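What follows is a set of notes on a single structure, which appears directly below.
The values are calculated or read from the model by the stated rules, or taken from the named source; none is laboratory data. Quick caveat: nothing in here was measured; it's all calculated off a predicted structure. Note: ideal-geometry Cβ built from the backbone for every residue, glycine included; neighbour counts use all protein chains shown.
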Amino acid sequence: MTSEAPRRAPFLSLQELVQRYRGLVHAFGDPVAISQFGFSIEEADRLFSDLDEDYHISRFFNFTEESGAQRHSINGFPATHVAIDPEIESIL
C-alpha cells in the first residue's frame, strides 16, 4: 500500500478545457486569467495542478502571475494567468 493519495480524474477533459480557452482568447499563446474559465478557485487549482503533473500536457501550459488578478496555486506555485501553446492540438 502506498502513502500517495489516489489521483482523481479531472472533471473536465483536456479537449473541453482547450475549447474553453480558445473561446476566451484571440489566439493560442494569449494569456487569460484563470478566473475567466468559470471554475471555483478550488476547482481551477485542482484541474490545472492535475494537468501540470503530466509532462506530456504541462509542457503546453505557461502560467504567469500578474498583479491585481485572482491568485491561484498550481502545485504550490502562484499563478493568475495561463497561456496554452498551439502545439497542444497534437495530443488532442
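Points to keep in mind about this one:
- Applying the set (1) more than 11 Å from the chain's Cα centre (by Cα); (2) not in a helix (DSSP H, G or I) to ALA83 leaves exactly one unmet item: (1).
- Residue within segment 13-36 that is in a loop (DSSP other than H, G, I, E, B), touching a Leu at 6+ places or on another chain (Cβ under 7 Å), at pLDDT below 95 and not basic (Lys, Arg) present: no
- Pick from segment 37-48, criterion hydrophobic (A, V, I, L, M, F, W, C) and in a helix (DSSP H, G or I), ranking: farthest from the chain's Cα centre (by Cα): ILE41
- Pairs meeting the criteria (first residue in segment 39-55 and small (Gly, Ala, Ser), second residue crowded, with 17+ Cβ neighbours inside 10 Å, beta carbons under 8 Å, at least 6 apart or on different chains) are ALA44/ILE34; ALA44/PHE37; ALA44/HIS72; SER49/ILE74.
- Looking across segment 71-92, just one residue is surrounded by fewer than 13 Cβ atoms within 10 Å (Cβ to Cβ) and closer than 15 Å to ALA33 by Cα, and that is PRO78.
- Members of segment 59-92 found to be closer than 16 Å to GLU42 by Cα and of a type in the set (Lys, Arg), listed by number: ARG71
- Boolean, PHE63 is closer than 24 Å to HIS26 by Cα, assigned to a helix (DSSP H, G or I), modelled with pLDDT of 95 or more and under 11 Å from the mean Cα position of the chain (by Cα): no
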